[in-house]
């Protein structure tokens, strides 16, 4: 069976790996210049910032065996320090149960995960699939013919591709949160903290998440330097998504000043990453969307959840459906 897969994020890579293991051919089409989707690391000036997904928490899902047994282990690091909470930038201890969850990253950047997963797979980078042409039991993508297709982009983008085939599926509106991420690198060292990240559990403050990359993992900044990734919450990101970088960076610096005192106003590296489809706000049923014996499947994170391990699970489930159907 020849399977065309749209998207080289975690779902697409998972599907391709499982199909290969079952003896089927798969071909991944990715519009960007790299694999990983929201598992992305931005490098600049000796810093490494995980600009989207911040870690992997296997939670007993399919990715656990792959991450801890099948892939190379030398750069894999378990995050030791917990996640704390903030309420209007007042820091408090986090949820003890949540902090029992094992979380992993890679020393040089979380993007090592998709790079390792993609090894040996046929991935076509820089190829945007704009339509699906299905007839006589086959599908054409980007000029090639396949027996089956798996769509892994966010549900709004997968919906657009389904419409080109004259199909709709059982998900309505498919709302997603946007996210603005500000990356900051400083030529000074933050005193050791008891946590590696802060989250606003109520998501009422513009700063929804702050990762101290240099507390999370080694090799994220030059010695004596500090790296942060601040993610604004969904409401703020939606309202200010098209703002220029300077006001977003200035606001992030203001919050750092309030958290850690003066002296955090002059980063030597700063950048903004804009995620239009950061997290699904609600989930459609995987079974309802992929019912029947269709060979045109959807494996978006809008079916299983927006976390890295959940996206991987979507790809595994789609591959298993095709394998079971022969």
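What follows is calculated from the coordinates using simple rules that are stated; it is not laboratory data. From a predicted model like this one, the values you see are computed outputs, not experimental measurements. Every residue, glycine among them, receives a Cβ derived from its backbone with ideal geometry; neighbour counts consider all protein chains shown.
The table that follows gives values for the structure above.
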quantity	calculated
Relative packing of 157-168, 54-65, which averages over residues the other C-beta atoms within 10 Å, highest first	54-65, 157-168
Cβ crowding within 10 Å averaged over residues, with 253-264, 196-207 ranked highest first	196-207, 253-264
Over the chain: helical MRE at 222 nm, DSSP H runs n ≥ 4 each giving -39500 (n - 2.57), nearest 500	-7000 deg cm²/dmol
Kirkwood-based shape ratio for region 230-326, expressed as Rg/Rh from alpha carbons	1.20
Order by protection proxy (mean Cβ within 10 Å, highest first), peptides 2-9, 239-246, 316-323	2-9, 316-323, 239-246
Extension gain, residue 250 back to residue 68 (0.36 nm per residue minus Cα-Cα distance, nm)	61.6 nm
Inverse mean reciprocal Cα-Cα distance (Kirkwood Rh) of the chain, Å	20.5
Relative contact order for the chain, counting Cα pairs under 8 Å that sit 6 or more residues apart, in percent	26
Compactness index (Cα Rg / 2.2 N^0.38 Å), region 1-88	1.34
Rg/Rh for region 98-246, where both radii come from Cα atoms and Rh is the Kirkwood radius	1.07
Inter-label distance for residue 138 and residue 281, nm, one decimal - labels placed 7 Å from Cα along Cα-to-Cβ	4.3
Stretch gain in nm, segment residue 20-residue 238, where the contour uses 0.36 nm per residue and the Cα spacing is subtracted	74.6 nm
Nearest 10 degrees, 0 to 90: helix 308-325 Cα axis against the chain principal axis	10
Mean Cα-pair separation over length for region 94-206, i.e. relative contact order, pairs under 8 Å, 6 or more apart, %	13
